[in-house]
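Take a look at the structure set out below.
The values are calculated or read from the model by the stated rules, or taken from the named source; none is laboratory data. A quick note: this is a predicted structure, and the numbers were derived from the prediction, not measured. Note: ideal-geometry Cβ built from the backbone for every residue, glycine included; neighbour counts use all protein chains shown.
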Amino acid sequence: MEQDLIKSIAARVAAELMRTNSSAPRRHLIPTGVSNRHVHLSEVHANMLFTNGLTKYRDLSQPGQFVAAETVILAGPKGSIERVRVLGPARGQTQAEISVSDAYKLGVSADIRESGDIQGTSGLTIIGSNGSVQLDGGVIVAKRHIHMTPEDAAFFQVQDGDIVQVRAAGERGLIFDQVAVRVNKNYALEFHIDFEEANAAGLKQGDLVSIVDRGVYCAAPGADDTDSGYPIRNESKKGLTLVTEEAAKNALDNLYIKPGGIITPLARDIIKEKGIKVIYLK
Ligand SMILES: [Zn+2]
């Protein structure tokens, strides 16, 4: 009995260390960063909105990025949202990152974009303590993404620009598709989503998620034919030519094999064990 208690405490301590100690062995786990609505301001706009520009309130997990003490009001044709955070430092162009619900409330369109890709997006009015700015564009709903260093990318076997799937465990657990991988030596490993996406999966700041797949073509849950599958990565659209142990481990429900494709003996064992359906493409 006491032995069990000791074991369970030891396990918890180990889990906590894994979470906080960056020198711990790498695992396939990524902390979640949940973003609330916020704006990035250009230097010119920051000085138009606030007498003294931006001042730091607290640091963000991405190196050099901070939350400013100043807040703004976003005003659109249908409504406004107060106390919106400003993130610093100032950038080349002003950008407002909002949720889909916010877009409805403001009466602007919700374009899902990667940060910086603002051409053709909606505008709105940003109001600060010292003035306001009318934007012609720059309103986006951020495309979900993972920040990582080149070392992380090598570990996960992904590249900058890859689209992967991310799995959140737990009671509302789900798999996020269409997650962009962003690699830069100045990034800290983090899965970035907005509040709506986080709530849908029951995820909180710092919760750990995993990349489900790195090249395996899996079917949507409940899919019963080859057409309803969806690609994890573009190059795997037509199924696999070689199913390795790793690929089998990463498969969800179905595995698609190209004509003449090979399954290694170890992969076969895993497929059997996990009850994965193998579909041979014609
Ligand atoms: Zn991000």
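Quick look at the numbers
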quantity: Number of the condition not met by V133 [criteria: (1) within 16 Å of the ligand (Cβ to nearest atom); (2) among the β-branched types (V, I, T); (3) assigned by TED's automatic domain parsing to the domain that holds L54]; calculated: (1)
quantity: Some residue of the stretch 66-89 being under 29 Å from I175 (Cα atoms) and outside any strand (DSSP E or B); calculated: no
quantity: Test result for G116, more than 16 Å from the ligand (Cβ to nearest atom), small (G, A, S), assigned to a loop (DSSP other than H, G, I, E, B) and surrounded by fewer than 14 Cβ atoms within 10 Å (Cβ to Cβ); calculated: no
quantity: Flag if G137 is closer than 27 Å to I163 by Cα and surrounded by fewer than 14 Cβ atoms within 10 Å (Cβ to Cβ); calculated: no
quantity: Residues of the stretch 136-148 that turn out to be of a type outside the set (A, V, I, L, M) and within 14 Å of the ligand (Cβ to nearest atom), as a count; calculated: 4
quantity: Residue match in the stretch 156-169 (condition: away from the ligand (no atom under 16 Å from the Cβ), loosely packed, with under 15 Cβ neighbours inside 10 Å and either modelled with pLDDT of 95 or more or not in a loop (DSSP other than H, G, I, E, B) (or both)); calculated: no
quantity: Residues of the stretch 170-190 satisfying the condition of being of a type outside the set (A, V, I, L, M, F, W, C), out of contact with any Ser or Thr (no Cβ under 6 Å at 6 or more places or on another chain) and away from the ligand (no atom under 14 Å from the Cβ); calculated: G170, E171, R172, G173, D177, Q178
quantity: Matching residues in the stretch 44-69 - criterion: being within 16 Å of the ligand (Cβ to nearest atom) and either of a type in the set (A, V, I, L, M) or closer than 13 Å to R85 by Cβ (or both); calculated: L60, Q65, F66, V67
